[in-house]
Amino acid sequence: MLIVLRLALNDFGKFTARALPRLTLCALLIIPLLYSSLYLYANADPYGNLQNLPVAVVNNDKGAPKNASSSSNSASTKLPQNMGEQVIDNLKKDGSFKWEVADKNDYEQRVVNGEYAFALIIGADFTENVYKLSNFEAIQTDMELLLNDANSYVIHEIAEQIEFRVTSEVSSVLSEQVIVLQLEGLATIRDSLVQAADGATELSDGLKEASSGVAQLDAGVQQFAAALVQLKSGLDELNTSVKALPSGIKQLKDGADQLKSGLDQVNSVTQQLGKYEATVNTAWNDIDSTIKSLINGSILTADIKKDLLDMVNTVDTQIGAIHSAVTEYVSGIDELDKGAGQLDDGIATLGKAGDQLLAGVQQLADGAGLLQSNFVQVTSAVSQLSSGLKQLTDGANELKDGLKSGVNQIPNLSTDDAQKFAEVVTNPVTFNTTTIAPAASYAVGLAPFFMALAGWIGVYILFVVMHPISTRALISNVAPWKVALGGWLPPAVIGIGQMLIMLGALHFIIDLTPVYTLLTVLFLFLMVLTYLTIVHFLVTAAGKVGLFLGLVLMIVQLTSSGGTFPWQTLPVIDQLFYLIMPMSHAVDALRNLLYGGSLDIVLQKSLVLVAYFIVFAVLDVLIVRLRRRWSMKYLFPAI
C-alpha cells in the first residue's frame, strides 16, 4: 500500500508545486458545482415567475344581444352583459401572467417584436354566442391565441393552457345558470308528478274496491253456475224418469184391467160361494136337528151324547166362523171392486197428468239447458272482467309506485339550494394533493438529474488534465493492481471533494436539504467513484479515444436517464439505455434520498453501481497488465 500511496502523492505533487496547477486543481473541484448550480439557480422557479411575463388580451366582444332581457324564462337573463370583460377581469385576478389590455391595431406587431409573449383575442360574437348556448342553441363561441415561437417555444406550451382555463371559466358561468334553470324545471315536473301520484293512488284505491266487488260477483256467478249444473243434471234425470211414466201408466192400466177382470171372476165365485154356504147351512141345520134329537133320546149313552154335543158345538162354531169369514170376504170383495173402479178412474186421470208432466219437464229441461249455455258466456265475461280489473289494478299500482319513485328521485330544492347545487356541480372537485416524497421547488426537483450529470462531467474533465496511470510505474515491477489503484486514487480524492463542494453549495444556492443527508453523501461518493472507475478504464485502455468514448457515454446517458421526463416516455432505444446505464440508477437513487423516498430503491440502485464499480475495477487491472506489453500503437498513438 505504501507504493500505492507514493504513486498517488506523486501525482498530487504535480498540482501543488506551482500556482497554475493549484488553480487547475481548484477549478477541477468546482466544475460539477458550476454546471449544476448555474442551471438549477437559473431555473429555480420559472413557473412561479410567469406573472412577470407580458401577455396581450384583446377584447372585440360586442356584448349581449339587445333582446337578451326578453328571454325571462332562460338562464341567459342571469349571465353578464359582456362575457369578454368578465373573462379579462378573472384572468387579471388570477395573476398567472402579466395581462395587459392591448390596442386592437398594433397587438400583432408587438407580439412579433417580442413585447408580448403572446396575445389572447376574444371574438366579437363571444357573449352573443354564449347567450345562444344558454338558450339551448348549439353554437360554439370563438377565441384566438396569437403565438410566436420565435419568442420561446416553451411559451407556446404554456399559452395553450389558457385555452383550457378560459373555456373552464365560461363553462362554469354558463353551466351554473343552465343547471339552475334545469333544477327549476325539475321542481315544476316534481310538483306535477306529485299530483299525478296522488291521482294514481286514488285510482288504485278505487280499482281495489271494484276488484273486490267483481271478486264477490265472480264467486256468486260461480256458485250460480254450479247450481245450474246441478239443476240441469236433476232435470235431465227427472226428464228421463218422466219419459218412463206413460209406459208405467199403461202397465198400471193393464194391471187395473186385469184386476177388474179378476174381480169379476171373484164376484162370480163369491156368488157361488154364497150359494154353497146356504146349502151347507141348510144341511147343517138338518144334521144339527137330527143330532139334537138323538141326544134328547135315550138311545145313546151319556158319554156319547156329550161327545156328540161337543162335536156339534165345535162344528157350529166353525160354521159360524166360516160364515163370518165369508161375510167379510164378500164385503172386502165389494170394497175391492169399488176401489178398482176408482183406481181405473185415477189411472185415467194420471195418464192425462203424466202427459202434461212429461211436456212440462221437457220444457223445463230445455230451458235449463239454454240458461246454462247462455250463462257460460256470463261466467266468461265476469272472469274476463275480473282479470281485466286485476291487470288494471296492477298497472295502476305500478303507475303509482313509479310516480312516487320518480318524485323521490327528483330533488326538492329551494331556490337557494338549487343555486348552491349549481355552483358545486360546475366546480365539483376539490383536489387535495398529497406528495409522498415532495421536492421543495422546481430546482430541487431537477437537482438529482443535474447532480448525477455534473458528477460525470467532473470526472471526465479530470482526465483531460490528468494521466490515468504513471508511465514510470507501468514499466516497473509494481503489481498491476497497485499501478491501477495508484493512478485511480488521486482523481478519486478530487471527485469526492467535487461532490462535497457541490452538495454544500447547492444547499445555499437552491435550498437543497436532503432528507437522508448522510446517506446522500455516501451515495454521491459511490456514484462519483463508479463514474471514475468507468472513465479511468476507458482512458487507460484507449487514451484520447477512451476519453472520447467517455464523452459519448455522457451524451447517451444525458438523454436516457429520465432526468426531466419519465423514462417510459422516452424512445425505445433510450428506455433500453435507461435500464443498463449507471447514471439513470444514480438519478433514481438521489431522488429518493433527497426527497425522503424508498430506501429499498436506494439499495437496489446502489447495488447496480457497486456492480459497475467491481466490473470496471477488474477490467482496469487487466488493462494495466496488458499495457505492459508495449507496441507501436502505445509508443506512437494515432491521436
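The values are calculated or read from the model by the stated rules, or taken from the named source; none is laboratory data. Predicted, not measured: the structure shown is a model, and the values here were computed from it. For neighbour counting, all protein chains shown are included, and Cβ atoms are generated from backbone atoms with ideal geometry for every residue, glycine included. Side chains are part of the model used for accessible areas, which takes the heavy atoms of the whole protein and leaves out ligands, DNA and RNA. Shrake-Rupley method; radii C 1.70, N 1.55, O 1.52, S 1.80 Å.
Just a few scattered comments:
- Hey, Ser96 at pLDDT below 80 and surrounded by fewer than 16 Cβ atoms within 10 Å (Cβ to Cβ) or not: no
- Checking Phe136 against (1) at pLDDT 70 or above; (2) in a loop (DSSP other than H, G, I, E, B); (3) aromatic (Phe, Trp, Tyr); (4) under 41 Å from the mean Cα position of the chain (by Cα), the condition it does not meet: (1)
- Number of the condition not met by Ile299 [criteria: (1) open to solvent by 70 Å² or more (accessible area, probe 1.4 Å); (2) at pLDDT below 70; (3) assigned to a helix (DSSP H, G or I)]: (3)
- Test: Gly123 is of a type in the set (Gly, Ala, Ser), closer than 23 Å to Ser152 by Cβ and under 44 Å from the mean Cα position of the chain (by Cα): no
- When each of Gly486, Gly504, Gly497, Gly550 is tested for being without any contact (Cβ under 8 Å) to a residue 12 or more places away in the chain, out of contact with any Asp or Glu (no Cβ under 6 Å at 6 or more places or on another chain) and in a helix (DSSP H, G or I), the lone residue that passes is Gly504.
- Residue list for region 538-548, filter: surrounded by 17 or more Cβ atoms within 10 Å (Cβ to Cβ) and not small (Gly, Ala, Ser): Leu538, Val539, Thr540, Leu547
- Residues located in region 512-527, provided they are over 22 Å from Phe616 (Cβ atoms), open to solvent by less than 70 Å² (accessible area, probe 1.4 Å), among the aliphatic types (A, V, I, L, M) and at pLDDT 95 or above: Val521
- Odd one out for Thr530, checked against (1) polar (S, T, N, Q); (2) within 24 Å of Trp488 (Cα to Cα); (3) open to solvent by 30 Å² or more (accessible area, probe 1.4 Å): (3)
- Selection of region 555-588 for residues being assigned to a loop (DSSP other than H, G, I, E, B) and either among the hydrophobic types (A, V, I, L, M, F, W, C) or open to solvent by 20 Å² or more (accessible area, probe 1.4 Å) (or both) yields Thr564, Phe565, Pro566, Leu570, Pro571, Met581.
- Residue within region 590-601 that is surrounded by fewer than 21 Cβ atoms within 10 Å (Cβ to Cβ), in contact with an Asp or Glu (Cβ under 7 Å, 6 or more places away or on another chain) and either β-branched (Val, Ile, Thr) or part of a helix (DSSP H, G or I) (or both) present: yes
- Of residues in region 99-122 being small (Gly, Ala, Ser) and open to solvent by 10 Å² or more (accessible area, probe 1.4 Å), the one modelled with the highest pLDDT: Ala102
- Residue list for region 444-467, filter: modelled with pLDDT under 85 and out of contact with any Gly (no Cβ under 8 Å at 6 or more places or on another chain): Val464, Val465, Met466
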